[in-house]
Every structure is written in C-alpha cells, then in structure tokens.
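Asker: Next up is a structure, given as structure tokens.
The values are calculated or read from the model by the stated rules, or taken from the named source; none is laboratory data. Owing to the predicted nature of the structure, the values given are computational and were not obtained by experimental measurement. Using ideal geometry, Cβ is built from the backbone for each residue, glycine included, and neighbour counts are taken over all protein chains shown. Remember, those area values only see protein heavy atoms, side chains included, never the ligands or the DNA or RNA. Shrake-Rupley method; radii C 1.70, N 1.55, O 1.52, S 1.80 Å.
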Amino acid sequence: MGLLEFNKLPINTLVGADWKTFNAITKGREIEAAYKGKYRLTKVVCRLLSTLAPLQNKRYEKLLADKPLEYDPVFILGHWRSGTTFVHNVFSCDKHFGYNTTYQTVFPHLMMWGQPFFKKNMSWLMPDKRPTDNMELAVDLPQEEEFALANMMPYTYYNFWFLPKYQQEYADKYLLFDDITEDELKVFEETFVKLIKISLWNTHGTQFLSKNPPHTGRVKELVKMFPNAKFIYLMRNPYTVFESTRSFFTNTIQPLKLQNISSEELEKNILSIYAKLYHKYEADKVSIPKGNLIEVKFEDFEADAMGMTEHIYETLSIPGFTEACADIEKYVGGKKGYKKNKYKYDDRTVQLVQDNWNFALDQWKYEL
C-alpha cells in the first residue's frame, strides 16, 4: 500500500507536464474554488520539474530523434473497460515488445534523465492497486499512453480528467479528430513518435505495444503514420462496459478534476461518446490493410487467454509467440484467482444501454 490514497491526492498528474503544455491546457479554463489549492500546488511542482525537461530533450535529440522505428506498432483498441488492460499485460510478457510504463504516464519528461530517483519516490507514494478494479499498479508495469501524451502536449482527450465540463469538446477534437487542426495533428504525430521511441529505449523493446482506448477513434490517422501497424480490437458486453465505465470514470476523475461535473452529465457523456467512438471505428477500420486487424470478444479471450493469444499472433503474423509462450503462460496462470468486479444490471441500466447502444448489442450478438 502506498503512502497516498488515490482519491486523496493533493496534486494531480499535470505535475509531470512541461510548462508550455500545462499553461496551454489550463489557460482560459475555469478552476473552481474547491480545487484552487490543488491547482496551485500542481502548478508549483510542475513549474519546478519542467525545468528539467531540457535535459531529456538534449539526450533524445542525441540518441533517438534520428533513429527510425524498426517495426510499426501493435495497437490494442476498444472502449474503456473492454478488457484492454488484461490483453496489454498478456502481450507485454513478450520481451520483444516495448511499452509506455506507469511512471512514464506521469513523468514523460523525466525518462532519460533522473528516472531512478523520481521512480523510487513515485513507487513509495502511489497505491499498489487500481481503486476502480483492484488491478495491480506499479511504476514499471505497462500503461496506456494517453496519460503520458496529456503531459507532453495539450491536444489529447484526457484533458477532460482535469476539465470535465469540456469532455464533449475534447472528444470531438482529440478523441475522434473531427475538429482537430492540421497544426495540432502535426504536433500529435510528432509527440506520439517521440513517446514511442523513448518507451522502446526505456523497456528495451523493438516493437511498440500500445494499449490506448482513445486510439480507437484515430485508426485512419494511425494507419497513415504506421502503414503496417497491427490492430487488435476488443468487444465486450455493452451492459458490463456501461456499468464499469461509469464506475471507472466516476472514481478516476475525483483526484484529477479541477472543476465539477454532475453524475448525470458524466453518464450522458459516456452514452454519447461510446456511440461516437463505435461509429468512427466502424467507418475507419476499412483503411486497415487486409491481415492487419483482428476483432475479438473479450469474453472469448478471457475464457482461453493462451489459445486466443496464439491465434492473434498467427492471424496478424506477429513473430515471437514460441519464445514468449512460457512467460505468457506464467502470467496468465498467476491471474486465475483474480477477483473481478461483478455487475448486476438494474432495470434503468438495461434500458439506457438498449436505448443508446442497441447497434452494438445487435452487431455483436450480446444479450443479458
């Protein structure tokens, strides 16, 4: 158990942003009175730590900037709470993969300089379980890169964690890329490639393994950036996804937000953005070259993780399963006693999902 409880953090994760990004995200946005103390403390720590960012930039330019990627990434896609974390953890057992770490999500500018010191302190302070689902937390475990990107540039969907009143705006601009400008998109592409290179350098991998639900809305752009990228798209029972996402967002937003959002508004946003993300993916997946996409029901993966993992490797022509098999089997075997959250769907939940997400229920053949 870490020294700090997740829901009582005195600062939020913007402490790891560079100064330019911090100011761009918060400029002109309302910081409500109840969170001004957290905002000020976060700002002070961010200002101090951001003075170290140039040290990493120099090392990056010297060691990695001109080095091409050996392989295009493997992307694990799917709406939040669709099982992406478990699949990410399984595939990360393959040592040829590199990935973004939990430490890197908070301190992406302190990777190539000062990491041992800051990582030790982060490990000491942070909780050892995710409060939303009891999954293990540790500084070196794989983590979704959107949190890191949010500290490297202002053009990410996860700005909504801090400023939830603007969730729909951030979704249209930076989740779906519908309203993103050419200049913003260029910054996104350059920043993402930089993050990938540093992640591979840090984890000694040769191919980047991405688990990032927001990428589900960016397939067309990702294929342009990485023409031979592989995509694993996860589907899960929409009733479970709704209940789990509502719980996850409600709990995760508490220590991060700088303004309030009602439970009703957050629920409305979840229902709306799920539909937008679903339809954007369905429209854009045709841009993925044949043989580079596999769609998997998480329930099938969970029932036979080893068999499904081997099937995904074969379908997408990913090398290395034989070499990684023992490590994957060890991880999967160690999770057999893991207790998941159990969801009981009340009548209101059932009606909301059927009224708003019936397209997914029909296409994927899910029932109560």
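Asker: If I model a spin label at Glu184 and His204 as a point 7 Å from the Cα along the Cα→Cβ vector, what separation in nanometres do I get?
Answerer: 4.0
Asker: Still on this structure, I have one more. Bins of 10 Å, beginning at zero and ending with the bin holding the largest distance: percent of Cα pairs per bin for the range 5-98, please.
Answerer: All Cα pairs considered, the percentages come to 12, 25, 29, 30, 4.
Asker: Grab the other residues whose beta carbon is less than 11 angstrom from that of Ala305, score K and R as +1, D and E as -1, and report the net.
Answerer: Result for the local shell: -3.
Asker: Now for a different question. Be a star and scan the range 240-259 for residues whose amide nitrogen sits under 18 Å from the point 7 Å along the Cα-to-Cβ vector of Ile31.
Answerer: Of the residues in the range 240-259, 254-259 have backbone N under 18 Å from the label point off Ile31.
Asker: What size of dipole, in debye to the nearest 20, comes out for the range 177-300 about its Cα centre when the only charges are +1 on Lys and Arg C-beta atoms and -1 on Asp and Glu C-beta atoms? The partial results should precede the final answer.
Answerer: On the way: 17 positive and 17 negative charges, 90 e Å.
Around 440 debye, computed over the range 177-300.
Asker: While we're here: Tell me the net charge near Leu49. Cut-off is 14 Å between Cβ atoms, Leu49 excluded, with +1 for each Lys or Arg and -1 for each Asp or Glu.
Answerer: Charge balance near Leu49 sits at +3.
Asker: In debye, nearest 20: dipole of the chain around its Cα centre with unit charges on the Cβ of K, R (+) and D, E (-)?
Answerer: Approximately 1300 debye in magnitude.
Asker: Could you work out [θ]222 nm for the chain from helices alone, using -39500 (n - 2.57) per DSSP H run of at least four and dividing by all its residues? Round to the nearest 500 deg cm²/dmol.
Answerer: So the calculated ellipticity at 222 nm is -15000 deg cm²/dmol.
Asker: Hey, which of these cross-link pairs are over 32 Å Cα-Cα: Lys62/Lys285; Lys268/Lys344; Lys276/Lys344; Lys280/Lys344; Lys119/Lys335; Lys186/Lys230? Display every interim value, and only then the final one.
Answerer: Details: Lys62/Lys285 37 Å; Lys268/Lys344 20 Å; Lys276/Lys344 26 Å; Lys280/Lys344 29 Å; Lys119/Lys335 26 Å; Lys186/Lys230 22 Å.
Among Lys62/Lys285; Lys268/Lys344; Lys276/Lys344; Lys280/Lys344; Lys119/Lys335; Lys186/Lys230, the Cα-Cα distance tops 32 Å for Lys62/Lys285.
Asker: Can you tell me the length gained on complete extension of the stretch Ala24 to Met306, counting 0.36 nm per residue apart and subtracting the Cα distance?
Answerer: 97.1 nm
Asker: Right, next: Counting only C-alpha contacts under 8 Å and six or more residues apart, can you give the relative contact order of the range 259-360 as a whole percent?
Answerer: Rounded, it is 32 percent for the range 259-360.
Asker: Fully extended, how many nm does the chain gain between Ala275 and Asp355 (0.36 nm per residue separation, minus their Cα-Cα distance)? Mind dumping the intermediate values first?
Answerer: Numbers: separation 80, 0.36 × 80 = 28.80 nm, distance 1.14 nm.
Length difference between fully extended and current span is 27.7 nm.
Asker: Shifting gears a bit: Taking a cut-off of 13 Å between Cα atoms, list the aspartates and glutamates near Lys120, but don't count ones fewer than 8 places away on the same chain.
Answerer: Straight-line reach from Lys120, under 13 Å: Asp140.
Asker: Which peptide among 153-161, 22-30 comes first, and what is the full order, when sorted by highest mean count of other Cβ atoms within 10 Å?
Answerer: Answer by packing, highest mean first, reads 153-161, 22-30.
Asker: How many Å² of accessible area per residue for the range 175-224, probe 1.4 Å?
Answerer: For the range 175-224, the solvent-accessible area averages 37 Å² per residue.
Asker: For the ranges 293-301, 233-241, what's the packing order if you count other beta-carbon atoms within 10 Å of each residue, average per peptide, and put the highest first?
Answerer: 233-241, 293-301
Asker: Moving on. All other residues with a Cβ under 11 Å from the Cβ of Phe22 taken together, and with Lys, Arg as +1 and Asp, Glu as -1, what is their net charge?
Answerer: Taking every Cβ under 11 Å from that of Phe22, the sum is +3.
Asker: Give the label of the value calculated from the structure for semi-axes √(5λ) of the Cα gyration tensor in Å, choosing from (i) 35, 26, 19; (ii) 29, 26, 21; (iii) 47, 25, 15.
Answerer: Checking each listed value against the structure points to (ii).
Asker: Among Gly37, Tyr99, His311, flag the residue with its Cα farthest along the positive direction of the charge dipole of the chain, charges on Cβ as +1 for Lys/Arg and -1 for Asp/Glu.
Answerer: The residue sitting most towards the positive pole is Gly37.
Asker: Oh, and also: Given the Cα atoms of the range 294-368, and with Rh set as the inverse mean 1/r over their pairs in the Kirkwood sense, what is Rg to Rh to two decimals? Could the numbers behind the result be given before it?
Answerer: Details: Rg = 16.7 Å, Rh = 15.2 Å.
When Rh is taken as the Kirkwood radius, the ratio is 1.10.
Asker: Would you report the distance distribution of C-alpha pairs in the range 199-340 as whole percents per 10 angstrom bin, up to the bin with the largest distance?
Answerer: The percentages, shortest bin first, are 9, 30, 35, 23, 3.
Asker: At what distance in angstrom do the alpha carbon centres of the range 162-188 and the range 254-292 lie from each other?
Answerer: So the separation of the two Cα centres works out to 12 Å.
Asker: Could I ask something else about it? Beta carbons within 10 angstrom, averaged per residue: use that to sort the peptides 14-21, 329-336, 75-82, 311-318, highest first.
Answerer: Output ranking for 14-21, 329-336, 75-82, 311-318: 75-82, 14-21, 311-318, 329-336.
Asker: Just to check, using Stokes-Einstein with a Kirkwood Rh over alpha carbon pairs, what's the diffusion coefficient of the range 171-245 at 25 °C and 0.890 mPa s in µm²/s?
Answerer: Approximately 172 µm²/s, per Stokes-Einstein.
Asker: Among bridges DSSP assigns within the chain, what percent are antiparallel (round to 5)?
Answerer: Antiparallel: roughly 10 percent of the beta bridges in the chain.
Asker: Kyte-Doolittle mean at least -1.0 and Cα extent at least 30 Å along the axis: which DSSP H helices of the chain qualify? Spell out each step's value before the answer.
Answerer: Details: long enough: 182-203 (32 Å, -0.06); 263-284 (31 Å, -0.79).
Passing helices, by number: 182-203, 263-284.
Asker: Moving to a separate point now. Which of the lysines could a cross-linker bridge to Lys36, judged by Cα under 24 Å and excluding same-chain residues fewer than eight apart?
Answerer: Lys8, Lys20, Lys27, Lys165, Lys257
Asker: Taking 0.36 nm per residue of sequence separation and subtracting the Cα-Cα distance, how much length would be gained by fully extending the chain between Leu69 and Val44, in nm to one decimal?
Answerer: 5.4 nm
Asker: At a Förster distance of 35 Å, what's the computed FRET efficiency of Lys62 paired with Lys330, Cβ-Cβ distance as r, to 0.05?
Answerer: E between Lys62 and Lys330, to the nearest 0.05, is 0.40.
Asker: Report Rg/Rh for the range 228-293, rounded to two decimals, where Rg is the Cα radius of gyration and Rh the Kirkwood radius. Mind showing how you got there, number by number?
Answerer: Working: Rg = 15.4 Å, Rh = 14.1 Å.
Using only Cα positions, Rg/Rh for the range 228-293 is 1.09.
Asker: Between Glu314 and Ser123, how many nm apart are label points set 7 Å from Cα along the C-beta direction?
Answerer: Here the answer is 3.9 nm between the modelled labels.
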